[in-house]
Amino acid sequence: EQQYGQNVMGFDAAVSPDEQNYPQPNEAGETITWAKYLSNSAIERAQQFEVLYKEALTADKKKYSLSEEENKKLVDQIEEIRKTAAKQSMSINAYLREFYGKGINERFLKKQLEKETIVERFNTDKTAEFKAVWTDEKIKPVYDAAKDDYDVVSYRSFSLSPEKLTAKEGESADTLAERQKAENVATKTKAEGILATITDEASFLIAAKANKVVAEGATFDEDADTAGFNKTKSTVESSLTKDAADWAFADDRNVGDKSVFQKESGECVIVWLSRTQFPTITVDVRHILIAFKADPQSQEEATTEEIAAAKNKADEVYEKWQSGEKTEASFAEIAKTDSTDTGSAENGGLYEDVAVGSMVAPFENWCFDAAKKPGDTDIVKTEYGYHIMYMVNNDADNFQYLDNIREEKTAEDNEVYVKALLESDAYKLVRKEKRITNAEQAALKVIKSQIALQKQSQY
């Protein structure tokens, strides 16, 4: 079945813009058509474009002129359009007029491309100028005033879901509701009973393994499946509940704090581990995987014997490295021969630019531990096996929140700068309504013609 249009914020490309309303009112609260919205947006962009072009020339006319490389790129662009026009037996001016409207010719296009190049470079320079202002020292009070927006917490959690009851023969809806309510209460009571047995992370893992019910055929790894490491407040809220997020980010949280929160699916038992500034943007790490299974990607649950064998092997390999030169180079050589991770073994077990959310939780938690330093090593267990870890580089002082705030404030400063220019007397916008109306009508004529042709081609 052919689709004649596509929806982008409610816009239907198969319907003329003047025949459909924009989904949001204008600043005066009035309903406007898509045609009027597009016209207003085009005028605003054109004004901003011209203002920034003039500002660039005012700042340094020599600096903001086309370089030899930029000029060549511009000429090449125009020549490509000329070739396209020739394939349709048209001159470039006829082609531009046909597809972009009256008044658009090669001379106009060349000037616009030149302006675009200069404005883009000017924008880049202004952005760098604003960004340079936001030093780490200046960012700190911004961070201190809104830590919840930039910090992350680590915790463990698992859920208990009440059985979804169905009506017995002849049972009324009220009776079923009462039974379901009792089932829900029993689940909450069970969760609170489990909570009482938890004193720390280790006891939480024991409780999770003993009490988590999984669907038939599914597996549950209490270490991997309960991990919630380096999570933002919004992530905790979406994956658990708002109350859980508020609790996790409360100033008085301490290691080992625990609670039960009600979710739509049941009760969630949680133990709190830590709070920190957002982890470094990326880390470089090497690892040697000793998998539980011959196939590291196997979905079958590892047996107790397989887990024990993998741990013994990991200890042996780790000891082999420790008894040698204990360097990154020697670690890489052992990874090439002993690691079962075919994706990294050939490269000495190296994973570069590892970001939060790209690895399984225990592996990632080790990588983004703020206390880790280049050269640190350890053995980490995941659902795949045991990983002998080697920290290559974690750029420990480069926290993500610094870049986040710097980008936010740079964008805000740039917006204020542009707004001040647009509202200044020097660049006051003079609207010539008759010309605007004529341009709108000309554009709509072209659009409606193209819609008609497109519909005809579907039959």
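Read the figures in this text as sums done on the coordinates, not as results from a lab. Just so it is clear, the structure is predicted and the values come from calculations on it, not from any experiment. FYI the Cβ positions are ideal-geometry reconstructions off the backbone, even for glycines, and counts take in every protein chain you see.
Couple of notes before you dig in:
- Gyration tensor (alpha-carbon) shape descriptor, the range 151-277, a/c threshold 1.5: prolate
- Both radii come from the Cα set of the chain: Rg as radius of gyration, Rh as Kirkwood radius; their ratio Rg/Rh reads 1.09.
- Spin-label model, Ser234 to Ala128: label points 7 Å out along the Cα-to-beta-carbon direction sit 3.0 nm apart.
- Surface/4 estimate of mean projected area, convex hull on alpha-carbon atoms of the range 283-393, nm²: 6.5 nm²
- Taking a ≥ b ≥ c as the square roots of the eigenvalues of the Cα gyration tensor, an a/c ratio of 1.5 or more together with a/b no larger than b/c marks the range 288-334 as oblate.
- The packing ranking, built from the mean of other Cβ atoms within 10 Å per residue, places the peptides 423-436, 326-339, 442-455 in the order 326-339, 442-455, 423-436, highest first.
- Working from Cα pairs under 8 Å separated by at least six residues, relative contact order for the range 245-309 is 21 percent.
- Shown for the chain are the DSSP H helices of 24 Å or more along their axis, judged by Cα atoms, with a mean Kyte-Doolittle hydropathy of at least -0.5: 34-60.
- Cβ-derived FRET efficiency at R0 56 Å, Ala173 paired with Ala411, nearest 0.05: 0.55
- Most tightly packed first, judged by the mean number of other beta-carbon atoms within 10 Å of their residues, the peptides 134-147, 38-51, 399-412, 376-389 read 376-389, 399-412, 38-51, 134-147.
- With 22 Å as the limit on Cα-Cα distance, the pairs of Lys83/Lys448; Lys131/Lys242; Lys102/Lys432; Lys73/Lys111; Lys102/Lys448 that go past it are Lys83/Lys448; Lys131/Lys242.
- A Förster distance of 51 Å, applied to the separation of the beta-carbon atoms of Lys320 and Lys164, puts the FRET efficiency at 0.45.
- Anisotropy class of the range 1-93 from Cα gyration tensor, a/c 1.5 cut: oblate
- Highest mean packing first, where packing is the average number of other Cβ atoms within 10 Å per residue, the peptides 350-360, 294-304 line up as 350-360, 294-304.
- For Glu163, net neighbour charge (Lys/Arg +1, Asp/Glu -1) across residues whose Cβ lies under 14 Å away: +4
- Full-extension gain in nm, Ala14 to Thr33, via 0.36 nm per residue minus C-alpha separation: 5.4 nm
- Counted charge near Thr342, where neighbours are those whose Cβ lies closer than 12 Å (Asp, Glu -1; Lys, Arg +1): -2
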